[in-house]
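Structure, as structure tokens:
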Amino acid sequence: MPVFFRELKRNKLLVIIWSAASAGMLAVSLLIYPLMVSQLQSLAEMGDTFSAMGLSAQSFLDYTGYYASEISSVIGIGGAIFAALIGVNALSREEKEHTAEFLLTHPVSRARVVLEKLLAVLAACVVLNVASAALGAASSAVIGEKADSGAIALTFLAHFIMHVEVASICFLLGSFLSRGAIAAGLGTAFGAYVLYIVANVTEKTRFLKYVTPFGYAEGNYIAANGGIHGGYLAVGLAITVACIVAAFVIYQKKDIKN
Amino acid sequence: MDAIRTEGLTKNYGRARGITELSLAVEEGDFFGFIGPNGAGKSTTIRLLLGLISPTAGRAEVLGKDIVRERNAILAEVGYLPSEAAFYGGMRVSELLEYSAKLRRKDCRGEAARLCERLQLDVTRKVNELSLGNRKKVGIVCALQHRPRLYILDEPTSGLDPLMQEAFFELLCERSAEGATVFLSSHVLPEVARYCRRAAIIKEGRLLVCDSVEKLGSEGYKRVTLRGAGETPRLEGMRDLRYDGDSLTFLYGGDAAALIAELARVGLRDVTITEPDLSEVFMHYYTKEGE
């Protein structure tokens, strides 16, 4: 798996910095929970002021709801940007940095290159989520609060799947873009988040949650219902698989630029 | 068996020219020169042979294997040196050579060490800190360390100092003597003339001629230089006419008797008739008169 390990090395710094920042921010937001309990009560009384961002009044009233909401706030959009960068760079960077010619004149099939790079992207998403989950658990222990572990685990799982979906869309973009790939990737992450905010504004726009990966990674929903929204998740998984398959097909046939 | 065989190989890049109906055969064991100026289609041909780009039409085989369907099997037996090698920034030379060997699933440490010693390449340096010449040496070791059957070299000596060029060709000659095929794309004609047995000239994406370097050098043409000629000879088959003081020189590819008769008619003080060198043949094909 030389390409996989090479990718891990190449992404090392970005993964370490982003994972530490995400996990650290989550830890801080959990550690201040005891100081915020009284203020959270008054926030809850403000009703659904923050509903567009996926936060409900109820989520401020118990630790599980607060924890799940913080996961969405901290590693939701932050993790999506990270996944977009890692995903879009995986294939496009070889052409942008003119190393594709070096790599693809070795006896490694393009399918193998795509597979190993995809696994490295998945590994990066795993590291970010596991580091955040580990530090989240440690922070809960420090403040002596106990959350519903099943709901929190599902929230992390939903975020991992969401990161993989964003990364897959960007991985596909990177399979045919070299210049402007990073902008396209970041645009995808931000665009998906904007769609999610719009989806939360009215009932009429709620269907957009089927399109945006943030739809099924709503910590507040998962904490309240004890599960991920099946419909949103099914569409998200279908988009993920379609993007990965398309990336394989496109990269097999594409002409490698000089 | 042919190491390389292309039949009507064509690559279109939309408006930009690629190559058109290129049919070429390079025998296994040959030291073959592929000549043409920048933009003639040399690199496009090489990129097609290596499967980096797909042909628009035609077909090609490398070492008896189809370039589209058997790309991996071909690459396992090919050593490729690009004209401008780009490597992963931050990697040390030793790491890069090891990565290349791992991608080939071969242990090339012994051969890599020998090559680095001969080319005086410091493997502890980071590749992005190397000079152009040293980066070229890294490319050479990557192309040679797995001892392939076919070497595809695109402008291999650009950036190398004369001593290193000599060392590099010495290595290639050794590999050639062991039976390997060398496909050398270049616009440095003296190195093609010196080392290659056969050569092809490509112009604007089309193959102009393919023959032994010796035959290409003569090609039925002679370089005729006259001194003190009473007037300019008028002959069919005259090309590349140039004046220099009281002497004039031209390439002549017509009947020898007609040449002698015309020289006798115009009158002259001195005449020399020589074989043109490869550069002159190349220039002949690249001048409008040569078309």
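Read-outs throughout are calculated quantities, based only on the coordinates presented, and are distinct from any laboratory measurement. None of the values given here were measured: they were computed from a predicted structure. A quick note on method: Cβ atoms are made from the backbone with ideal geometry, for glycine too, and the neighbour counts reach across all protein chains shown.
Things worth noting here:
- Unsatisfied cross-links (Cα-Cα over 26 Å) in the set A:Lys9/B:Lys65; B:Lys65/B:Lys102; A:Lys12/A:Lys96; B:Lys42/B:Lys136: A:Lys9/B:Lys65
- Kirkwood analysis of the Cα pair distances in region B:191-277 returns a hydrodynamic radius of 14.4 Å.
- Euclidean distance of C-alpha centroids, region A:244-258 and region A:168-199, integer Å: 18 Å
- Loop trypsin sites (Lys or Arg not before Pro), region B:5-41, which have at most 14 other Cβ atoms in a 10 Å radius of their Cβ (DSSP): B:Arg15
- D (Stokes-Einstein, µm²/s), Kirkwood Cα radius, the protein assembly as shown, 1.002 mPa s at 20 °C: 77 µm²/s
- Dipole magnitude for chain A: about 980 debye, using +1 per Lys or Arg Cβ and -1 per Asp or Glu Cβ, origin at the Cα centre.
- Over chain B: helical MRE at 222 nm, DSSP H runs n ≥ 4 each giving -39500 (n - 2.57), nearest 500: -9500 deg cm²/dmol
- Summed side-chain charge close to A:Ala147 - residues other than A:Ala147 whose Cβ falls under 15 Å, Lys, Arg +1, Asp, Glu -1: -3
- Total formal charge among the other residues, if their Cβ is under 11 angstrom from that of B:Asn128, Lys/Arg +1 and Asp/Glu -1: +2
- Hull-based mean projected area of chain B, where the convex hull spans the alpha carbons, in square nanometres: 17.8 nm²
- From the largest down, region A:156-240 spans 43, 26, 18 angstrom on the principal axes of its Cα atoms.
- When only alpha carbons of chain A are considered, Rg and Dmax amount to 19.3, 64 Å.
- Sparse packing (at most 10 other Cβ atoms within 10 Å of the Cβ) combined with a DSSP loop state is found for the following GluC sites (Glu not before Pro) in region B:191-269: B:Glu231, B:Glu236.
- Net charge of the neighbourhood of A:His98, taken over other residues with C-beta under 9 Å away and scored Lys/Arg +1, Asp/Glu -1, is -3.
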